[in-house]
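The values are calculated or read from the model by the stated rules, or taken from the named source; none is laboratory data. Keep in mind that what you see is a predicted model, and the values were worked out from it rather than measured. Counting neighbours? That spans all protein chains shown, and the Cβs are built from the backbone with ideal geometry, glycine included. Ligands, DNA and RNA are stripped out before the accessible areas are found, and what is left, the full protein with its side chains, is counted by its heavy atoms. Shrake-Rupley method; radii C 1.70, N 1.55, O 1.52, S 1.80 Å.
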Amino acid sequence: LAGSRVVVLDAPLLFEARLNVLCASVVVVSVSRRTQLERLVRRDGTGEEDARARIAAQPLSLEAKAARADIVIDNDGGKRDLRARVEAELPEMARERWHHRLCSGPAVCSALAAVAVANGRARVSLSTWA
C-alpha cells in the first residue's frame, strides 16, 4: 500500500460490516431502483417479485448508503460511463486531506459499496492506484 495514492476497498456490505471506520472517505456507486431491479433479474434469472423481495431484505437501501457516502457515483449507464465517472472522481479521492487513517504517507482509502445485491456473504477485494 505504500506509495499508493488511492486504495479501494470493494465491500458490498461495507456499512453493515462496519468496515467504513477503516476508511477516510467512502464512495458509493449507486443506481436507480428500476436499474437495480432490472440488473438483478437479468443477472440471476429470477422473477421481478423475487428480485423485489431480495432488494427489500437488504439491511441498508442504496439511498441509505448514498446518504452516508462522501461521494456518490451514478451507475445507471454502461460500463464505459461508470469508468469515466470513477476516473473523474479520482483527483478528489486522491486529495491529501483524504489520507487513510491507518496508513502512513499519501495512501488514501476509498471504499466502493457495490450496487449488486449481496447474497449474505461479504465480498471484499482490495486494489490500488499509484
Does segment 32-88 come out rounded, prolate or oblate, given a ≥ b ≥ c as the square roots of the eigenvalues of its C-alpha gyration tensor, rounded meaning a/c under 1.5 and, failing that, prolate meaning a/b above b/c? oblate
Fully extended, how many nm does the chain gain between Arg85 and Arg18 (0.36 nm per residue separation, minus their Cα-Cα distance)? 21.5 nm
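Accessible area per residue for segment 29-100 in Å², computed with a 1.4 Å probe and the full protein assembly in place, what is it?
With the other protein chains kept in place, segment 29-100 gives 65 Å² per residue.
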For Ser25, enumerate residues with amide H under 5 Å from its amide H, sequence gap 5+ or separate chain, H modeled in the peptide plane. Cys109, Ala111
Among Asn75, Ala57, Thr46 - extreme Cα towards positive end, dipole of segment 42-93, charges at beta-carbon: Thr46
